[in-house]
Amino acid sequence: MTRKRAAVVSFPGSNCDEDCVRALRTAMDADRVWHTARSLDAYDAIVLPGGFSYGDYLRAGAIARFSPVIEAVHAAAERGVPIIGICNGFQILLECGLLPGTMRKNVSRKFVCAPTTLVVARTDTVFTKAYDRLERIRIPIAHGEGNYYCDEETLRRIQHQIVFRYEDNPNGSVDNIAGIVNAAGNVLGMMPHPERAVDRWLGSTDGVRLMVALAAV
Amino acid sequence: MVERIATEPTPEDIDTHKLYARMGMTDAEYALVVQQLGRKPTYTEIGVYSVMWSEHCSYKHSKTLLRLFPTTGSRVLMGPGEGAGIVDIGGGRAVVFKIESHNHPSAIEPFQGAATGVGGIIRDIFSMGARPIALLNALRFGNPNDARVRYTFEHVVAGIAGYGNACGIPTVGGEVAFDEAYTGNPLVNAMCVGLIEHKHIQRGIARGVGNPVYYVGPPTGRDGIQGATFASEQLSEQSASMRPAVQVGDPFMEKLVMEACLDVIARGLVLGIQDMGAAGLTCSSAEMASKAGNGMELWLDRVPMREPHMTPYELMLSESQERMLFVTTPDRDEAVRDVFAHYGLDCVHVGVVTDTGYLTLKMDGHIVGHMPVRGLVDDCPIVEPPAEVPAYITREPTVYPPVTDYACVLHALLAHPTIASKEWVYAQYDYMVRTSTIVPPGSDAAVVRIPDTHTALAMCTDGNGRYVYLDPCIGGRIAVAEAARNVVCSGGQPLALTDNLNFGSPQKPDRYWQLQQAVIGMAQACTVLNTPVIGGNVSLYNEHEGKAILPTPVVGMVGLVHDLEHVTTIGWKNEQDVVFLLGDTYVEWGGSAFQAVVYETLEGTPPMLDLEVEKRLQDHVLACIQAGWIASAHDVSEGGLAVALAECAIAGNIGAKLTMPACALRPDEWLFSETQSRIVVSTTPVHAQVLMRHMQEAGVPIVCLGTVGGNDLVVGAGEECLIAEPVDALRTTWKGAIPCMMQR
């Protein structure tokens, strides 16, 4: 079996790109790909990492969605390639319209960096099949705009797309939403950072199973 | 012929009306400039001289004292003088670090003042060619009952967070203290730590006559003009009008400039690089030329400008952020441009290295400034002001009547914002990015893994202005010793330190004496503890309306953790573990948190510090940690033993049953005195005997206090119960204090 290969897209201002590459490499090959790339055809999985693309000026993710690479991300999403947007990457996926809803500032109006406990709501996605349903996993957050919002009708419609919920809501997200997938199930957006939970020295290894699942797609 | 700009005052006007005085220059300094040039300086030239000879750039009041610091050692690869010092950590790698203050800007514009302080120190690190891996800070604020103090605190923290987070560098540690004395003049000291391979070490040097000089970063604006001079004056009610002297930071630009600079350095494309920090283009160009023994010619009309019609004076003195100056060779021009273009950046050819020994400034082909580099950089007149012992200094220790409600005092101490949990602060910092933070904020020192190895760096900042005020020499010693102790408690071998000397006006003899004595004390400690000073910063004139801050030397210490298995934290670990106190306790109330909280005063003499005792303690605690005998370690500092024990319990989420040993002390003295050279350690029962024997043989005082377990912290003395508090109650007090304070 050939080893799977993931693209970690670096936008100007991305700062979790190297962390993602390092975490993914425990399970698969991974390259950093600059945001000017026009094609991602060579990759079996795509990660949009955290950070402050374009300084988060205007609105988190609002400028990155105009990067040349985004067209290739859309094409890959259509083809069913698994795509994860983490933190700023989630915000970019929302801005591109690949996932429903939007992000508001945390209710505290402050950036918050902390370990959090997530409840795994779905285990039938390509990303979460290695977790148990309703399992509690420790994955940290670090964001200022992670307060997920969608209107009530959308919320009813996407109930089945909710993948992770916060056990103790740190930012005000509706329905404690920490991560959602698209209807097709191949695009995941999550505010918590699984790449920061891959080593016992970092306090949690619960992110490893997500990387392994991605490599097994 | 040096021409003047038509809109600027003439050299004659500058002389007659003493316009140089407004730039902070004395008559004697002006006379020396005239002598150096052989003529009266133009407005541009006197501006350049004024910032180069400001305290901030010239260290004129502190240079003689700084020579007392030991600055060499077997591991020191680069000492003071460059952007940052460098220490070898083996394997062809080195650690680069420095601390710097941004006190005055933060006093009048807290968010941007703090943010740009962080930006400046990051540039100092990557301009050495090092990858920044961690940020720390040391913050001092006034009495939080004052709404302006709370505003300053909130926005300084937000400014640090906003900048560091966006650059992707974790803010892993620091300290925050509150005291009335800092009300009009907060302290914001930022430290950055970087990693480098020896072969990539850069210097800010303008090598090779004829080589091009490049400018990279955003355009130059009218912000921060005379910032270095502003930093060298006292604050007053009028300081708010200096707000234009505070720069505005753009961390996104910083991130791009950082990545691009590290890229060109890794490709071997630059000969010398320096950031445009204090005094902007002036200081970077003059220092780079000086270090090479060369001259430099700058074409100011080519400097990217944010606003039209900027004058040479403005271009040379602007402190617009995120700008770098570098020298390369003519044949690398295209390669350099390509790298910067990848990051969406322009670099501009703004000058050339010359052999004249002069800094020559040209605007549209006309010479508008021509000054000897050596004169600018090295010839600032050194001042050795008179020192005088302040009237308040006493040799009489303080005595207080007994306090008997120990639990009440403990809660009051835990609620003091200097001691209380700083989670409200550090939760705003992304302390995890780069996925190397092994020990996050909240322990004695932060521990950051060195990527791809089983080793790590332990780092912390420390400095207690209350001790320094009462006896600056002892206080200086304590600052160094406590920082080293914190590194040791975390499992690291202290390597070296960077210092930030925050003091009042050196022109006042009693304040200069504080500075002098503190440096003497710090130098003594550095020598005995074998931790050389590899760089730092001096921030004088920290006064508001003539009232000085507490003299506050801040020490930023970095240590090497030889094996991740040595990493040690403060929290107790397991039921039945045995708790020991290392070090003797004396009645020492001066400068203590007990004195601040219970008596709301600052008097007496600070705790003494015997450096040989301290060294022995640190060496043996580190040896026992490395032997695997120690489960937790926590140094005893503000609030004394009682607070240290409470912090061990809270961090470990477990109680303990402890007994005060029979001794001549009163319980309140034993619990709250701040005697130095003490560490609380815990160990598994298996290792208790061997630990005890080791310390006894080494001559380190050791006493068994009891065992870990249960949900309560219980401390007794004979039949008497001194403290019996649920750990949850202690945590509630300790954690709730700052959020509660900020809700007012």
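Read-outs throughout are calculated quantities, based only on the coordinates presented, and are distinct from any laboratory measurement. Because the structure is a prediction, the values reported are computed rather than measured. Glycine also receives a Cβ, built like all others from the backbone with ideal geometry; neighbour counts cover every protein chain displayed.
Values as computed for the structure displayed
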{"quantity": "Debye, to nearest 20: dipole size of the protein assembly as shown, +1 on Lys, Arg Cβ, -1 on Asp, Glu Cβ", "calculated": "1840 debye"}
{"quantity": "Span-rule helices in chain B, defined as complete DSSP H runs reaching 27 Å or more along the axis (Cα) with Kyte mean at least -1.0", "calculated": "B:147-167, B:509-529"}
{"quantity": "Relative contact order for segment B:568-744, counting Cα pairs under 8 Å that sit 6 or more residues apart, in percent", "calculated": "36 percent"}
{"quantity": "Loop-located chymotrypsin sites (Phe, Trp or Tyr not before Pro) in segment A:136-196 whose Cβ has at most 11 other Cβ within 10 Å (DSSP)", "calculated": "none"}
{"quantity": "Cα-based equivalent ellipsoid of chain B: semi-axis lengths in Å, sorted from largest, via gyration tensor", "calculated": "47, 27, 22"}
{"quantity": "In nm, spacing of pseudo-spin labels at B:Asp346 and A:Asp124 (7 Å Cα→C-beta vector)", "calculated": "5.7 nm"}
{"quantity": "HN-Hα J in Hz across segment B:537-545 - Karplus 6.51, -1.76, 1.60, θ = phi - 60°, x for Gly and Pro", "calculated": "8, 10, 10, 9, 6, 7, 9, 10, 6"}
{"quantity": "At q = 0.16, 0.24, 0.27 Å⁻¹, base-10 log of I(q)/I(0) for segment A:84-139 (Debye sum, equal scatterers on each alpha carbon)", "calculated": "-0.69, -1.13, -1.11"}
{"quantity": "Cβ-based exposure ranking for A:Asp132, B:Asp124, B:Asp712, A:Asp31, in which fewest neighbours within 10 Å come first", "calculated": "A:Asp132, A:Asp31, B:Asp712, B:Asp124"}
{"quantity": "Over segment A:5-215, volume per residue of the alpha carbon convex hull, in Å³", "calculated": "102 Å³"}
{"quantity": "Calculated FRET efficiency for the pair B:Val34/B:Gln689, C-beta based, R₀ 60 Å, to 0.05", "calculated": "0.20"}
{"quantity": "Per residue, the convex hull volume that the Cα atoms of segment B:321-405 enclose (Å³)", "calculated": "322 Å³"}
{"quantity": "Compactness of segment A:1-73 - radius of gyration and Dmax, Cα, Å", "calculated": "12.3, 45"}
{"quantity": "Ratio of the Cα radius of gyration of segment B:366-438 to 2.2 N^0.38 Å, where N counts its residues", "calculated": "2.37"}
{"quantity": "Relative contact order (%) - segment B:606-694, alpha-carbon pairs under 8 angstrom, separation at least six", "calculated": "47 percent"}
{"quantity": "D (Stokes-Einstein, µm²/s), Kirkwood Cα radius, segment B:535-631, 1.567 mPa s at 4 °C", "calculated": "73 µm²/s"}
{"quantity": "Dipole in debye (nearest 20) - segment B:1-149, about Cα centre, beta carbon charges: Lys, Arg +1; Asp, Glu -1", "calculated": "600 debye"}
{"quantity": "Ranked list, fewest to most other Cβ atoms within 10 Å of each Cβ, for B:Glu109, A:Glu195, B:Glu12, A:Glu135", "calculated": "B:Glu12, A:Glu135, B:Glu109, A:Glu195"}
{"quantity": "Pair-distance profile P(r), taking every C-alpha pair of segment B:478-538, with 10 angstrom steps and integer %", "calculated": "21, 49, 24, 6, 0"}
{"quantity": "Selected from B:Gly583, A:Met190, B:His349, residue furthest toward positive end of dipole (the protein assembly as shown; charges at beta carbon)", "calculated": "A:Met190"}
{"quantity": "Rounded FRET efficiency, nearest 0.05, which uses the C-beta distance separating B:Arg148 from B:Glu423 and R0 of 22 Å", "calculated": "0.40"}
{"quantity": "Long-range HN-HN contacts of B:Val403 with modeled amide H, under 5 Å", "calculated": "B:Asp668"}
{"quantity": "Loop sites in segment A:94-145: trypsin sites (Lys or Arg not before Pro), DSSP, at most 12 other Cβ within 10 Å", "calculated": "A:Arg109, A:Arg133"}
{"quantity": "For chain A, size of Cβ-based charge dipole, Lys and Arg +1, Asp and Glu -1, in debye", "calculated": "200 debye"}
{"quantity": "Subset of A:Lys105/B:Lys422; B:Lys199/B:Lys573; B:Lys422/B:Lys657; A:Lys105/B:Lys98 violating a 32 Å alpha-carbon distance limit", "calculated": "B:Lys199/B:Lys573; A:Lys105/B:Lys98"}
{"quantity": "Relative contact order %, chain B, counting alpha carbon pairs below 8 Å whose residues are six or more apart", "calculated": "15 percent"}
{"quantity": "Within straight-line cross-link reach of A:Lys4, lysines at Cα separation under 18 Å, skipping those fewer than 8 residues along the same chain", "calculated": "A:Lys129"}
{"quantity": "Principal axes of segment B:568-744: Cα extent on each, largest first, Å", "calculated": "50, 37, 34"}
{"quantity": "Residues B:Val690, A:Val208, sorted so that the one with the fewest Cβ neighbours within 10 Å comes first", "calculated": "B:Val690, A:Val208"}
{"quantity": "Rule-of-thumb Rg ratio for segment B:677-744 [Cα; 2.2 N^0.38 Å; N residues]", "calculated": "1.55"}
{"quantity": "Anchor B:Lys547: lysines whose Cα lies under 27 Å away (excluding residues fewer than 8 positions away in-chain)", "calculated": "B:Lys60, B:Lys63, B:Lys508"}
{"quantity": "Normalised convex hull volume, the protein assembly as shown, alpha-carbon set, Å³ per residue", "calculated": "164 Å³"}
{"quantity": "5 angstrom amide H check on B:Tyr358, placed H, neighbours 5+ away", "calculated": "B:Gly295, B:Met296, B:Val373"}
{"quantity": "P(r), alpha carbons of segment A:1-122 - 10 Å bins starting at zero, rounded %", "calculated": "13, 44, 33, 9, 0"}
